[in-house]
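The structure under discussion appears below in the form of structure tokens.
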Amino acid sequence: DGGITQSPKYLFRKEGQNVTLSCEQNLNHDAMYWYRQDPGQGLRLIYYSQIVNDFQKGDIAEGYSVSREKKESFPLTVTSAQKNPTAFYLCASSIRGASGHSYEQYFGPGTRLTVT
Amino acid sequence: AQSVTQLGSHVSVSEGALVLLRCNYSSSVPPYLFWYVQYPNQGLQLLLKYTTGATLVKGINGFEAEFKKSETSFHLTKPSAHMSDAAEYFCAALLPSGTYKYIFGTGTRLKVLA
């Protein structure tokens with residue numbers, strides 16, 4: 001079955017450590033995204049990538065980094081510079097239609113990161 | 001600036017009652033619109049979408065939504081609530097201009113009372 005996988009489901013880290021969240025998709029989608037979700041705040045865009053070897057900052061990119069070396073993979077690193085890293089992180093992907101427009105996003109199951 | 005507003009962060013309905021979750025958008029150009037559902041500790045699942053064509057769109061699990069350009073709205077409805085509908089619902093918009101940035105509302109948590 002095609003889909004998006006995120007691992008691990010739960011992640012615990014000590015403050016000051018960098019941590020990398022995995023996101024893999026086998027949907028052959030061009031675009032991939034990382035969102036952060038906090039209670040009552042909806043989804044906030046961290047980074048997105050339209051094609052391999054290219055990515056753009058979203059609304060809350062500070063303290064995060066990404067890479068897009070392969071079409072199917074878009075890992076997110078939460079660095080020690082991120083002041084409040086504890087959150088639920090969601091990865092998504094979307095396909096570019098024939099017109100060049102994007103349509104719906106497909107989401108992974110999420111990773112809950114807790115930093116103490 | 002483009003924005004999506006969901007009225008009511010929490011909505012409670014009785015089982016069997018009508019579900020109405022409100023979504024209004026703000027943009028100079030009618031966007032593509034989406035409703036997603038999220039169950040606890042899970043990702044988002046697409047319920048339905050409006051891109052072009054028929055303004056009344058039907059989705060999964062008996063949900064539907066109507067795009068009303070004059071009201072800049074895309075409210076989600078279901079005639080009869082089921083206990084399994086209890087979840088958080090997100091409205092999202094995407095400008096049809098080739099952008100890849102989706103704008104999400106802050107979500108509405110639906111509670112279904114027995």
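The values are calculated or read from the model by the stated rules, or taken from the named source; none is laboratory data. Because the structure is predicted, anything quoted here is derived from the model rather than measured. Each accessible area value is taken on the protein alone, full model and side chains, heavy atoms only, with ligands, DNA and RNA left out. Shrake-Rupley method; radii C 1.70, N 1.55, O 1.52, S 1.80 Å.
Quick one: give the max-minus-min coordinate of the C-alpha atoms of the protein assembly as shown along each principal axis, largest first, in Å.
On the principal axes, the protein assembly as shown reaches 49, 43, 37 Å in Cα extent.
What figure in square angstrom, to the nearest 10, would you give for the accessible area of A:Arg36 with a 1.4 Å probe?
So the heavy atoms of A:Arg36 present about 20 Å² to solvent.
Going from most exposed to least, what order do B:Met83, A:Met32 have by accessible area with a 1.4 Å probe?
Result of the area sort, largest leading: B:Met83, A:Met32.
Could you order A:Leu27, B:Leu33 so the one with the most accessible surface comes first? Probe is 1.4 Å.
Result of the area sort, largest leading: A:Leu27, B:Leu33.
Could you name the lysines in cross-link range of A:Lys14, using Cα to Cα under 28 Å and dropping any fewer than eight places away on the same chain?
Excluding near neighbours in sequence, the set is A:Lys57, A:Lys83.
In whole angstrom, note down how far apart the Cα centers of region B:25-73 and region A:4-80 are.
25 Å
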